[in-house]
Amino acid sequence: MRHVVVIGSGIAGLATAFEHHRRHPGDRVTVLEAADRVGGKLHTIDFAGHCYDMGAEMVLAVVPDALDLIDAVGLSADIVHPCTTSASIVVNGRHHPIPIGTVLGVPADVDDLVGSELFSPASLDRMRAEPDAPGPGLTDDESVGGFLRPRVGDEVVDLMIEPLLGGVYAGRADALSIKATMPALAEGLRREHSVLRAAASVRRKPGAGPVFATLREGLATLAQALVEFSGAEIRLGTTVRAIRRTAGGYLIECGPFPAATLIQADAVVIAVPAPNAARLLRPLVAQAAEALSVIPMASMAILSLAWTGPQPGLPEGSGLLVPPTAGGLVKAVTISSNKWPHLAGPEVLVRASVGRVGEEQALQRSDAELLAAAGKEVAQLLTLSGTPYAGAVTRWGGGLPQYTVGHLDRVATVRSAVAEFPGMAVAGAAYDGVGVPACIRSAYAAVDALGS
Ligand SMILES: Cc1cc2nc3c(=O)[nH]c(=O)nc-3n(C[C@H](O)[C@H](O)[C@H](O)COP(=O)(O)OP(=O)(O)OC[C@H]3O[C@@H](n4cnc5c(N)ncnc54)[C@H](O)[C@@H]3O)c2cc1C
């Protein structure tokens, strides 16, 4: 019997514990978590009488990882799909529906954009000509903006791709790696030099089932179910300070110095955000720590706001994206009561997102100030009358890693350096994608790496 210690109880840590237990039920698994609850960015609160997600709010349903895990812990009956996913982009105060058929905002067919007032005729002409005169193919990694601006123009990058990347990564198109943040498009670009043709070759076929899903009582219920099904011992309020190598495994030092607790482990999985993983790895695997420590982190806050209904001016659709050029505080608004069947009601429930990488000053206000300022902006954007009758704020300092140019090489460096240490592995949002399904995949890779 081995003793496996997992550091961090976000989705990556809990999926690691679950999967290790499933494959090796005889082993003992302990999860060490600094906070006083499990789940990390899976965080559901009771808001205006609803279970409301203040971290991740949904999972991709077009890849199997999250839904399969939900099924494995018996929560399939709680899966809910959005009533609508049609969002709009706000430019000069006007709402422009996001054209369908794009790959993270990258157009596959100019005809899909015709009629959208987002784009000038010159921009449409340029895109129409792109397949016949494509730029050089994608070889070395480049930024999304750096590669796409000369090929599809600034309007597409600034008005469509930027707000979508801002939603997923809280990051900027001119810094994020095209290979790491748009892997499907990058794959298409290996076969096709034309951006539009590459996007057409990888875009999802229409009508292929729901793209997103969530759980009726919030995604934190997945974290709780994983705790139950993993058979792991969970130690909350336990911050890991250091990992030392011993003859037979690892000695994990946790709790306050000098009265630290020492835990002996045969194997250890580090499933914490990049800066925390860098700190833990530095004395042991300096090369991995170095690669992790250069990953920038974006901070953000999620605000939930509730207005009494009915609100006749409320737009249809799932919400709005506000490009950085608009200069507002709020970068995205989800109209939860439009989007999710289980949150529909007479009241209007809104999830507003504030903060992109490098814009930390936007968050340097009290919760009350943030709620007041965002409430005013959201009311204007959604033509809501009155003030919100309830509001809540969750801050995510350093919440999202930025997959900047060269990210895939950094991840390869971390994994190969850590692989030199038998019984040690890493998992989490820093590696294979920030979304919940990608974190689950990274957990399974960590279990593979520990071996049997
Ligand atoms: C606001 C926001 C909205 C998002 N929305 C979505 C979405 O809708 N869909 C989606 O798929 N993804 C979404 N994401 C991304 C996704 O939620 C996260 O990338 C993912 O949940 C991260 O999981 P993780 O296990 O890697 O890390 P975390 O959830 O960050 O968990 C790491 C855990 O490690 C603990 N920890 C840290 N250091 C130590 C230490 N030294 N000792 C012990 N414990 C430690 C932390 O307390 C934390 O609980 C969102 C992210 C944010 C921030």
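Bear in mind these aren't lab numbers, they're just calculated from the coordinates by the rules spelled out. Treat the numbers as computed from the prediction; the structure is a model and nothing was measured. Virtual Cβ from ideal backbone geometry, glycine too; neighbours counted across all protein chains shown.
Would you compute, from DSSP H runs of 4+ residues alone, the mean residue ellipticity of the chain at 222 nm, taking -39500 (n - 2.57) per run and dividing by the full residue count, rounded to the nearest 500?
Per the formula, -9000 deg cm²/dmol.
Here residue 448 and residue 85 are evaluated by their C-beta separation; at R0 = 41 Å the FRET efficiency comes out at 0.75. So, in Å, what gap is there between the alpha-carbon centers of the range 103-151 and the range 237-296? Taking the Cα centre of the range 237-296 as reference, the centre of the range 103-151 is 44 Å away. Bridges between two residues of the chain, per DSSP, are antiparallel at a rate of about 70%.
Fully extending the segment from residue 184 to residue 420 would add 81.9 nm, taking 0.36 nm per residue of separation and subtracting the current Cα-Cα distance.
Taking the Cβ-Cβ separation of residue 3 and residue 368 as r and a Förster radius of 35 Å, what is the calculated FRET efficiency to the nearest 0.05?
Numbers: r = 46 Å, r/R0 = 1.33.
So, using R0 = 35 Å, E works out to roughly 0.15.
Multiplying each eigenvalue of the alpha-carbon gyration tensor of the chain by 5 and taking the square root yields semi-axes of 37, 27, 20 Å, largest first, rounded to whole angstroms. Checked against a 28 Å cut-off, the cross-linked pairs 179/331; 179/339; 41/205 give Cα-Cα distances beyond that limit for 179/339; 41/205.
The range 395-417 and the range 4-72 have Cα centres lying 20 Å from one another.
Entry note, the chain: relative contact order of 24 percent, from Cα contacts under 8 Å with a spacing of 6+ residues. Between residue 385 and residue 247, the simple spin-label model (points 7 angstrom out along Cα→Cβ) gives 7.9 nm. Pairwise inverse Cα distances across the range 358-452, averaged and inverted, put the Kirkwood hydrodynamic radius at 16.9 Å. Stretching the chain fully between residue 68 and residue 409 yields a gain of 119.8 nm (0.36 nm per residue, less the alpha carbon separation). With each label modelled as a point 7 angstrom along the Cα→C-beta vector, the residue 286-residue 46 pair spans 5.2 nm. Rounded to the nearest 0.05, what FRET efficiency do residue 204 and residue 122 give with R0 = 35 Å and r taken as the Cβ-Cβ distance? Could you check? With a Förster radius of 35 Å, E is 0.75.
In a fully extended conformation the segment linking residue 36 and residue 259 would gain 78.3 nm over its present Cα-Cα distance, using 0.36 nm per residue.
Rounded to the nearest whole Å³, what is the per residue volume of the convex hull around the Cα atoms of the range 101-193?
Working: hull volume 8.3 nm³, N = 93.
Each residue corresponds to 89 Å³ of Cα convex hull volume.
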